[in-house]
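The values are calculated or read from the model by the stated rules, or taken from the named source; none is laboratory data. Just so it is clear, the model here is predicted, and its values are computed rather than measured. Using ideal geometry, Cβ is built from the backbone for each residue, glycine included, and neighbour counts are taken over all protein chains shown. Ligands, DNA and RNA are excluded from the accessible area calculation, which covers all protein heavy atoms including side chains. Shrake-Rupley method; radii C 1.70, N 1.55, O 1.52, S 1.80 Å.
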Amino acid sequence: MCLMGLSSQAAEYQVSSPNGKVKVVVNTDEAVKWSVTYDGKPVLMPSQIDIQLRQGKKVLGLGQIGKVAVRQIKSSFDSPFYKKATVKDEYGQMLMYTNQKFTIEVRAYDDGAAYRLISANSKPSTVVNETAEFCFDADYQAFVPYVNDNRGGERYCYSFESYYDEQPLSKIFNDSLAITPLAVCLPGGMKAIVMDAGVENYPGMFVKKGKAAHSLVAEFAPYPTEQPVSGYARLNLVPTKRADYIAKLNGKQSLPWRAVVITEKDADILNCDMAQRLAPACRIGDTSWISPGKVAWDWWNNTNITGVDFKSGMNTDTYLYYIDFAAKNHLEYIIIDEGWSSEESLMKDLNPEIDLPRLIAYGRQKGVGIILWSSWRNLIGNDPMCDQSVVEAVMAHYADMGIKGFKVDFFDRDDQQVTASAYKIAEIAAKHHLHLDYHGLKPFGIQRAYPNILNFEGVKGLENSKWEPRAGDGPLHNQPRYDVTIPYLRMLAGPLDYTPGAMMNAMKDSFFGNNDHPMSQGTRVHQMAMYVTFEAPLQMLADSPTKYMQNQECTDFIAQIPTTFDETIALDGKLGEYTVIARRKGAVWYLAAMTDWTARDLTIDLSFLGEGTHQADIFADGVNAAKEATDYKHSRQAVKRSDRLAVHLSSGGGWTAIIR
């Protein structure tokens, strides 16, 4: 380790990535600012780092930097519930110590840079504000996921589901919040992606247009002080008053990372581990009970099953049927979504039409676990700080019954209270060996600390197709383009509960929104390719058992695809246009390609395969898929590592294969 003394005078310090391409410079001239270059090219111009910490009547800033330590770190860690079994964690590190008991930790990775503030103040304090700035040297095009439908009109309450506005930095709407990851398109095809990571006991980071030209600046939800029950079906706690600070610190604490991912090729983003590397390490000692898998889901398909002698809906017979379907198709779980409990309690006044003990016993007999839906505010007993006695009672009760986990919905905030409660819920669930699926929340690092959280929503998933207009009533959202944008941006933060698998598929001219009989934009194989492309340790089959049984050939293929992998290779792709990815589980490879509304011809290089002859089971868009989106071709062929597969993607199309 190299130690260097730094006086209170202006100085400049730097740290480089292991390959030397990424260089971070911290300058302390008028203020503490960081800048980032890649192979000598500017990525971030000098961008301010600061904090205002209040202790009693004193407000502390970062202070003057004293010692600085620079070293290279070479490490790795196991990641059994991820897209690869092991993550390399190699970076240049710079620790900068200040006289106000702060440490600025800076990391330079081969594919990006990050910093965080670490407070060594042992006294209780409040964070009045934190300054995190991201300045660029020109008016570059950006992919901006705006906050656009706040809950109850409250600025910081949001489901973290955004389409992407593609516009220059100068055209970002004044004072409009955006979520991250947010991409900036640099010259020569490079991308810089702004994000936060490792958020704990602190609010998440929004960004907005900065005062400096071509800049973004962070904004954080202030600490809530009043938050009555409100919203649709009383599902939310929406703050009506907030404090003049963003967080309470009870003592020493590491604040979240502020990061920028840098890539020369878009495809490299598909295999980036930045969020995983910057997350807290796993806090569950024994993870052997955690079981990722696929789920037969009821809500999207409105329990539309046919050919039965009972009325389908929220009743025991329907879920016995879903269990039979899951067992026959080797799916690990079913979800019983909203409607099994009362609006106000998970423990009393339950739906009398659903016999949970009977369903649990039948599921155990069939090898199918049951996951229950819950609202966040119901689970925590209306206490945003998380009433542990309420959560403990619920978790203990249903774990003892044999329930396998909870889908927790309608967080719709990421202020300090919500992030703290998300950790506490995960800790209590892990104690009782329960899995979790968080909705109304995007991943922020907690998924590595508590891998029993198998998935997150925070994505404009398939459910949004239910609410699109009919032809002539308004413009459709461009869902296929979104589908090939989120693997580069939203998925960079962590897994996503997109809920794929529509068996009713349509081109633009024949698509319309229909809540009770929904369909998807794009081809059948576009949907099938999502099972390889989208990271989701808990992956849904969103359509009805009837539809899947009517399309059993497609269902058999989907059922074989794992939800976690040992290795991932990003083969090709361009942000917002197409993706090509390969994932390995054991000795079997799973491949997928997806496109927007533009038909494409691609070549897939199979040189990653081992020696010898392999058998490829392939689903491709049919010759008539551009007219009839359900058209596909299923084929099998022998392949070798020397082969180059010619692949045609129809408009809104896809391609997928299993290679053994």
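Listed values, structure above:
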item	result
Of all residues making up region 628-653, the number that are of a type in the set (G, A, S) and touching a Gly at 6+ places or on another chain (Cβ under 6 Å)	1
Any hit, region 620-632, residues being of a type outside the set (D, E) and over 26 Å from G522 (Cα atoms)	no
Unique residue being modelled with pLDDT of 95 or more, in a loop (DSSP other than H, G, I, E, B), open to solvent by 20 Å² or more (accessible area, probe 1.4 Å) and charged (D, E, K, R) when the list is E200, E161	E200
Evaluation of G440 against (1) part of a helix (DSSP H, G or I); (2) at positive phi (one fails), failing number	(1)
Sole residue being in contact (Cβ under 8 Å) with a residue 12 or more places away in the chain, within 30 Å of G573 (Cα to Cα) and not β-branched (V, I, T), chosen from A296, A279	A279
Hits in region 422-438 - residues which are within 19 Å of the chain's Cα centre (by Cα) and crowded, with 22+ Cβ neighbours inside 10 Å	A422, I425, A426, H435, L436, D437, Y438
Search result, residues across region 69-100 that are more than 17 Å from G445 (Cβ to Cβ) and basic (K, R)	R71, K74, K84, K88
Every pair of residues 6+ apart whose Cβ atoms lie under 9 Å, when the first sits in region 382-403 and is within 20 Å of I360 (Cβ to Cβ) while the second is loosely packed, with under 15 Cβ neighbours inside 10 Å and of a type in the set (A, V, I, L, M)	A393/M347; V394/M347; H397/M347; G402/A361
Close pairs (7 angstrom Cβ cut-off, 6 or more residues apart or separate chains): free of Cβ contacts under 8 Å to residues at least 40 places away in the same chain in region 632-660, open to solvent by 50 Å² or more (accessible area, probe 1.4 Å) anywhere	R636/Q615; A638/T613; A638/Q615; K640/T613; R641/S607; R641/E611
Residues of region 203-218 satisfying the condition of being of a type outside the set (V, I, T) and either part of a strand (DSSP E or B) or open to solvent by less than 30 Å² (accessible area, probe 1.4 Å) (or both)	P203, G204, M205, F206, K208, K209, G210, S215, L216, A218
Qualifying residue in region 517-529 (condition: assigned to a helix (DSSP H, G or I) and among the polar types (S, T, N, Q))	yes
Filter pass, A120 being open to solvent by 40 Å² or more (accessible area, probe 1.4 Å) and in contact with a Lys or Arg (Cβ under 8 Å, 6 or more places away or on another chain)	yes
Matching residues in region 292-305 - criterion: being of a type in the set (S, T, N, Q) and either touching an Asp or Glu at 6+ places or on another chain (Cβ under 6 Å) or surrounded by fewer than 18 Cβ atoms within 10 Å (Cβ to Cβ) (or both)	N301, N302, N304
Residue pairs meeting the criteria (Cβ under 8 Å; at least 6 apart or on separate chains; first open to solvent by 50 Å² or more (accessible area, probe 1.4 Å), in region 40-52; second in a loop (DSSP other than H, G, I, E, B) and charged (D, E, K, R))	P42/D137; M45/D137
Near pairs, Cβ below 8 angstrom, 6+ apart or cross-chain, from region 352-369 (under 16 Å from A399 (Cβ atoms) and in contact (Cβ under 8 Å) with a residue 12 or more places away in the chain) to any residue that is among the acidic types (D, E) and open to solvent by 20 Å² or more (accessible area, probe 1.4 Å)	G369/E332
Hits in region 464-503 - residues which are polar (S, T, N, Q), part of a loop (DSSP other than H, G, I, E, B) and more than 27 Å from Y450 (Cβ to Cβ)	N478, T485
Considering residues of region 312-343 that are among the aliphatic types (A, V, I, L, M) and under 15 Å from Y398 (Cα atoms) only, the residue surrounded by the fewest Cβ atoms within 10 Å (Cβ to Cβ)	I335
P487, sole failed condition from (1) open to solvent by less than 10 Å² (accessible area, probe 1.4 Å); (2) in contact with a strand residue (DSSP E or B) (Cβ under 7 Å, 6 or more places away or on another chain); (3) under 22 Å from V418 (Cβ atoms)	(3)
Residue count, region 304-330 (criterion: hydroxyl-bearing (S, T, Y) and closer than 18 Å to Q552 by Cα)	3
Residues being surrounded by 23 or more Cβ atoms within 10 Å (Cβ to Cβ) and more than 19 Å from the chain's Cα centre (by Cα) - total across region 559-577	1
Sole residue being in contact (Cβ under 8 Å) with a residue 24 or more places away in the chain and in contact with an Asp or Glu (Cβ under 6 Å, 6 or more places away or on another chain), chosen from L117, L95	L95
All positions within region 53-70 that are touching a residue at least 24 places away in the same chain (Cβ under 8 Å), assigned to a loop (DSSP other than H, G, I, E, B) and surrounded by fewer than 18 Cβ atoms within 10 Å (Cβ to Cβ)	G61, G63, Q64
When residues of region 164-197 are limited to those that are small (G, A, S) and farther than 21 Å from R277 by Cβ, the one surrounded by the most Cβ atoms within 10 Å (Cβ to Cβ)	A178
Qualifying residue in region 344-362 (condition: part of a helix (DSSP H, G or I), of a type in the set (S, T, N, Q), modelled with pLDDT of 95 or more and surrounded by fewer than 16 Cβ atoms within 10 Å (Cβ to Cβ))	no
Of all residues in region 219-235 being part of a strand (DSSP E or B) and open to solvent by 10 Å² or more (accessible area, probe 1.4 Å), the one that is nearest to R377 (Cα to Cα)	V229
Pairs where the first residue, in region 227-242, is of a type in the set (D, E, K, R) and the second is not in a strand (DSSP E or B), C-beta under 6 Å, 6+ apart	R234/E343; R242/P222
Where F81 falls short, out of the listed (1) in contact with a helix residue (DSSP H, G or I) (Cβ under 7 Å, 6 or more places away or on another chain); (2) open to solvent by 40 Å² or more (accessible area, probe 1.4 Å); (3) of a type in the set (F, W, Y)	(1)
